[in-house]
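Novice: Handing you this structure, nothing more for now.
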Amino acid sequence: MLIGIDTGGTFTDFVVLAGGRIRIHKVLSTPEAPERAILQGLRELGCLGQTFRLVHGSTVATNAVLEGKGARTAYVTNRGFGDVLSIGRQARARLYDLQPPLPPPPVPAELCWETGGRLAADGSTLEPLTEADLARLVDQVRRERPEAVAINLLFSFRDDRWERRIAERLAAEGVFLSRSSRVLPEYREYERGMATWLNASVGPRVAGYLQRLATAVAPAPVAVMQSAGTTVAAAQAAERGVQLLLSGPAGGLTGARFVASLAGYQRLLTFDMGGTSTDVALIDGAIRLTTEGRIGRYPVALPMVDMHTIGAGGGSIARVDAGGLLQVGPQSAGADPGPACYGRGGREPTVTDANLVLGRLRPDAFLGGRMRLDPAAARAAVGRLAWALGLELEAAAAGILRLANEHMVRALREISVSRGMDPAGAVLVSFGGAGGLHLCALAEALRIRRALVPVHAGVLSALGMIASRPGRVLSRTLARPLVPALGGRIEQGLAQLAQRGRAELVTEGVAPDAMEIEYSLDLRYQGQSHTLELPWQGVTDTGAAFHRLHQARYGHRLDLPVEVVNLRVAVRGAPPPLQLEPLPTGTALGRPDTSGPIPAWPRAALVPGQRLSGPLLVTETVATTYLAPGWALEVDGYGNLLLTFGGPDPA
């Protein structure tokens with residue numbers, strides 16, 4: 001039995017695969033102790049006490065960073081560099097703001113400790129690490145009592161012996177230790193230091209949570225989704241919490257790619273709309289990774305799925321600002337109290353309330369009827385906003401949806417048009433509990449004629465958990481000109497990274513002959529700041545490929561030497577034996593429910609090959625899809641809804 005679990009801001013989703021059959025389930029999240037919602041769902045599914053393997057998408061690391069609730073962390077670096085994390089890159093968030101507010105430093109000054117052990121750029125020692133330095137660090141730990149210590153010495157990616165000595169001396173002090181040479185052995189001391197500090201800050205929270213979860217479900221093995229779209233065993237995940245920052249969204253992209261491939265689609269624009277936020281991404285055959293991601297205001301230079309996140313979800317709160325204009329988000333009603341229609345004490349109007357007012361949600365069909373929505377509470381909440389705006393109730397609700405849609409369209413353009421890709425040639429894929437309600441409007445705004453609502457769209461991130469592979473993405477800075485004489489050193493460095501990745505996967509039970517390894521380099525012209533990643537195919541061929549890619553990406557190539565900046569290796573285990581059962585063919589016997597303003601079809605009543613035209617609703621246990629006028633849908637053999645725009649080109 002495989003169980004995928006995605007912990008979201010509002011709901012915790014479950015997908016159980018056993019005997020070739022899939023069951024799905026949702027419970028309200030418990031953000032203060034996420035394992036409580038997980039155990040509640042496992043009990044309701046009858047899985048506790050059985051033999052299973054659990055793959056989990058966790059928000060513990062993400063929430064700790066975004067809410068500023070990480071562990072109290074000390075930062076150890078070389079003398080003269082204690083302010084690096086506070087200074088950063090001096091990049092302005094608002095270019096023309098001459099007096100920007102000063103954000104609090106990641107680490108307070110009293111916890112930034114400077115010491116010896118400084119290397120030069122070539123790896124030679126400029127200042128040794130002395131016993132007096134080590135004794136001083138021990139005294140500082142005992143005096144300040146931090147929960148974690150982040151160690152980031154200059155050029156430790158060349159030689160990590162000083163970082164290891166500090167970690168060995170502090171190991172007896174009972175603090176969580178994070179070394180930059182282990183977390184991100186790459187150049188750029190600021191980005192490396194931020195990753196090391198983030199890892200130390202979230203480490204104790206992640207370790208404690210995973211230990212509680214693993215104990216509660218023992219002896220079942222627990223794996224956790226990483227930001228790069230592969231899984232890691234819970235025991236190893238505890239020491240690399242920074243790699244879990246996009247854990248849930250990575251599962252969604254894996255699930256979208258898996259299900260869309262069944263429908264024959266490879267080029268996708270995805271949007272995952274949950275209760276609190278919306279994540280958008282571009283998939284062109286493979287899931288794209290980036291090392292220029294961010295979490296809140298902090299850069300994260302570790303590989304993670306390339307996506308854009310905005311504060312627009314089903315629980316996003318609508319309000320009137322000081323200028324009398326309607327605003328939607330980023331504040332969210334969350335799971336407690338949730339939207340007004342949940343009947344849990346919420347009074348602020350949300351996107352979910354607006355959908356209910358316009359008849360796009362059925363009060364008795366939410367969560368398969370297990371949670372009845374309160375239309376009167378939704379109308380009262382939206383009504384107060386309508387009064388403030390001087391609008392009719394339905395007009396105010398429609399305005400909330402139009403503004404929420406515009407936020408999501410802007411994000412989708414950012415991930416596609418801004419990167420030179422015409423979205424009209426892609427298939428728009430929606431998932432998350434609220435995604436199907438907005439799919440047609442977003443597709444029309446982007447001039448996209450084909451869209452897909454995957455089977456189990458409301459829990460697709462949880463499905464992606466069990467469709468994912470165990471893996472590691474490892475890197476190390478080399479910083480040498482790409483010349484034929486360097487070929488042997490590149491091969492040696494890549495082999496060392498691959499050996500480390502294989503060894504970690506073997507400890508998780510992955511067979512060595514089932515592993516897949518990809519080698520790549522980060523290249524740039526000498527003098528450039530940014531790099532392009534290319535597969536390693538020998539010095540000559542890789543260099544030629546870099547020139548071609550630079551020409552295609554930026555419109556020109558330069559007559560300059562090419563430099564190897566970083567070596568990268570991706571090691572992955574075999575994909576799990578996940579197959580969706582095709583639906584039995586038959587004659588459509590279901591009838592729509594016409595008691596509401598929009599006819600509603602139960603998704604379970606639809607059969608392969610069935611075709612319908614909008615406007616209509618498709619209701620299911622975990623989501624609702626709104627098919628707008630001018631759109632048609634067809635059910636494929638697996639139960640996916642294939643949507644096509646049948647009218648003139650959208651304006």
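Novice: Which condition number does residue 194 fail, the rest of (1) in contact with a Lys or Arg (Cβ under 9 Å, 6 or more places away or on another chain); (2) closer than 23 Å to residue 83 by Cβ; (3) among the aliphatic types (A, V, I, L, M) being met?
Specialist: (1)
Novice: Consider residue 299 carefully, then state whether it is over 24 Å from residue 409 (Cβ atoms), out of contact with any Ser or Thr (no Cβ under 8 Å at 6 or more places or on another chain) and modelled with pLDDT of 90 or more.
Specialist: The answer is yes for residue 299.
Novice: Please find, within the range 302-324, the residue that is modelled with the lowest pLDDT out of those that are buried (at least 17 other Cβ atoms within 10 Å of the Cβ) and assigned to a loop (DSSP other than H, G, I, E, B).
Specialist: Taking the candidates together, the pick is 312.
Novice: Could you check the range 253-301 and list, in sequence order, the residues that are among the polar types (S, T, N, Q) and assigned to a helix (DSSP H, G or I)?
Specialist: Restricting attention to the range 253-301, the residues satisfying the condition of being among the polar types (S, T, N, Q) are 254, 261, 266, 270, 276-278, 290-291.
Within the range 253-301, 254, 261 qualify.
Novice: Also, quick follow-up: Would a scan of the range 390-407 turn up a residue that is touching a Ser or Thr at 6+ places or on another chain (Cβ under 8 Å) and part of a loop (DSSP other than H, G, I, E, B)?
Specialist: No: the range 390-407 contains no residue that is touching a Ser or Thr at 6+ places or on another chain (Cβ under 8 Å) and part of a loop (DSSP other than H, G, I, E, B).
Novice: Check whether at least one residue in the range 77-85 is at positive phi and modelled with pLDDT of 85 or more, and report yes or no. Don't jump to the end; show me each part of the working.
Specialist: Of the residues in the range 77-85, the ones at positive phi are 80.
Still in the running and modelled with pLDDT of 85 or more: 80.
Yes, some residue in the range 77-85 is at positive phi and modelled with pLDDT of 85 or more.
Novice: Would you pick out the residues in the range 364-406 that are farther than 27 Å from residue 621 by Cβ, under 28 Å from the mean Cα position of the chain (by Cα) and in contact (Cβ under 8 Å) with a residue 40 or more places away in the chain?
Specialist: Listed by number, the list holds a single entry, 403.
Novice: Residues that are buried (at least 18 other Cβ atoms within 10 Å of the Cβ) and of a type in the set (Ser, Thr, Tyr): which helices (runs of 4 or more DSSP H) entirely in the range 59-175 hold 1 or more of them?
Specialist: Working: elements: 60-66, 84-87, 131-144, 161-170.
Answer list for the range 59-175: 60-66.
Novice: Hey, among the residues in the range 417-445 that are in a loop (DSSP other than H, G, I, E, B) and within 25 Å of residue 351 (Cα to Cα), which one's modelled with the highest pLDDT?
Specialist: Within the range 417-445, the first condition is being in a loop (DSSP other than H, G, I, E, B), and the residues that meet it are 420-422, 426, 432-434, 438.
Okay, now just the ones that are also within 25 Å of residue 351 (Cα to Cα), so 432-434, 438.
Working: 432: 77, 433: 77, 434: 85, 438: 95.
The qualifying residue modelled with the highest pLDDT is 438.
Novice: Still on this structure, I have one more. Given the conditions (1) free of Cβ contacts under 8 Å to residues at least 40 places away in the same chain; (2) part of a loop (DSSP other than H, G, I, E, B), and given that residue 361 satisfies all but one, which numbered condition is not satisfied?
Specialist: The number of the failed condition is (1).
Novice: Just to be sure I understand the filter: pairs with C-beta atoms under 7 Å, separated by 6 or more residues or on different chains, first member in the range 595-613 and more than 10 Å from residue 635 (Cβ to Cβ), second member of a type in the set (A, V, I, L, M) and surrounded by fewer than 17 Cβ atoms within 10 Å (Cβ to Cβ). Which pairs pass?
Specialist: Within 7 Å, the pairs are 613/632.
Novice: Among the numbered criteria (1) touching a strand residue (DSSP E or B) at 6+ places or on another chain (Cβ under 6 Å); (2) small (Gly, Ala, Ser); (3) free of Cβ contacts under 8 Å to residues at least 60 places away in the same chain; (4) farther than 18 Å from residue 289 by Cβ, which single criterion is violated by residue 543?
Specialist: Among (1) touching a strand residue (DSSP E or B) at 6+ places or on another chain (Cβ under 6 Å); (2) small (Gly, Ala, Ser); (3) free of Cβ contacts under 8 Å to residues at least 60 places away in the same chain; (4) farther than 18 Å from residue 289 by Cβ, the lone unmet condition for residue 543 is (3).
Novice: With the requirement that a residue be in contact with a Lys or Arg (Cβ under 8 Å, 6 or more places away or on another chain) and either assigned by TED's automatic domain parsing to the domain that holds residue 228 or at pLDDT 90 or above (or both), what does the range 266-288 give you?
Specialist: Passing the criteria: 268, 281, 282, 283.
Novice: Now, a different point. Could you please let me know if residue 254 is farther than 17 Å from residue 453 by Cβ, at pLDDT 90 or above, crowded, with 22+ Cβ neighbours inside 10 Å and out of contact with any Phe, Trp or Tyr (no Cβ under 6 Å at 6 or more places or on another chain)? Explain how you work it out, then say what you get.
Specialist: Details: farther than 17 Å from residue 453 by Cβ: yes; at pLDDT 90 or above: yes; crowded, with 22+ Cβ neighbours inside 10 Å: yes; out of contact with any Phe, Trp or Tyr (no Cβ under 6 Å at 6 or more places or on another chain): yes.
It is true that residue 254 is farther than 17 Å from residue 453 by Cβ, at pLDDT 90 or above, crowded, with 22+ Cβ neighbours inside 10 Å and out of contact with any Phe, Trp or Tyr (no Cβ under 6 Å at 6 or more places or on another chain).
Novice: Please find, within the range 249-286, the residue that is nearest to residue 437 (Cα to Cα) out of those that are under 12 Å from the mean Cα position of the chain (by Cα) and among the hydrophobic types (A, V, I, L, M, F, W, C). Explain how you work it out, then say what you get.
Specialist: Step one: filter the range 249-286 for residues under 12 Å from the mean Cα position of the chain (by Cα), giving 249-254, 271-272, 277-281.
Narrowing the set further to residues that are among the hydrophobic types (A, V, I, L, M, F, W, C) leaves 250, 253, 271, 280-281.
On the way: 250: 22, 253: 19, 271: 12, 280: 16, 281: 18 Å.
Looking at residues that are under 12 Å from the mean Cα position of the chain (by Cα) and among the hydrophobic types (A, V, I, L, M, F, W, C), I get 271.
Novice: Quick one: which residue in 61, 93 is more than 29 Å from residue 143 (Cα to Cα), touching a residue at least 24 places away in the same chain (Cβ under 8 Å) and under 26 Å from the mean Cα position of the chain (by Cα)? It would help to see each step written out before you state the result.
Specialist: Details: 61 fails: more than 29 Å from residue 143 (Cα to Cα).
Result: 93 is the single residue among 61, 93 that is more than 29 Å from residue 143 (Cα to Cα), touching a residue at least 24 places away in the same chain (Cβ under 8 Å) and under 26 Å from the mean Cα position of the chain (by Cα).
Novice: Here's a follow-up. Has the range 488-504 got any residue that is among the hydrophobic types (A, V, I, L, M, F, W, C), over 25 Å from residue 160 (Cβ atoms) and at pLDDT 90 or above? Full working, then the answer.
Specialist: First, pick out the residues of the range 488-504 that are among the hydrophobic types (A, V, I, L, M, F, W, C): 490, 494-495, 497-498, 503.
Filter once more, so that each one left must be over 25 Å from residue 160 (Cβ atoms): none.
No - not one qualifying residue is present in the range 488-504.
Novice: I've got another one for you. Could you pull out the residue among 250, 333, 286, 312 that is touching a strand residue (DSSP E or B) at 6+ places or on another chain (Cβ under 8 Å), more than 30 Å from residue 212 (Cβ to Cβ) and aliphatic (A, V, I, L, M)? Lay out the reasoning, then the answer.
Specialist: Values: 250 fails: more than 30 Å from residue 212 (Cβ to Cβ); 333 fails: more than 30 Å from residue 212 (Cβ to Cβ); 286 fails: touching a strand residue (DSSP E or B) at 6+ places or on another chain (Cβ under 8 Å).
Residue meeting the stated conditions: 312.
Novice: Still on this structure: Give just the number: which of (1) touching a Leu at 6+ places or on another chain (Cβ under 8 Å); (2) without any contact (Cβ under 8 Å) to a residue 60 or more places away in the chain; (3) not in a loop (DSSP other than H, G, I, E, B) does residue 590 not satisfy?
Specialist: Unmet condition: (3).
The values are calculated or read from the model by the stated rules, or taken from the named source; none is laboratory data. From a predicted model like this one, the values you see are computed outputs, not experimental measurements. Cβ sites come from the backbone with ideal geometry, for glycine too, and all protein chains shown count toward neighbours.
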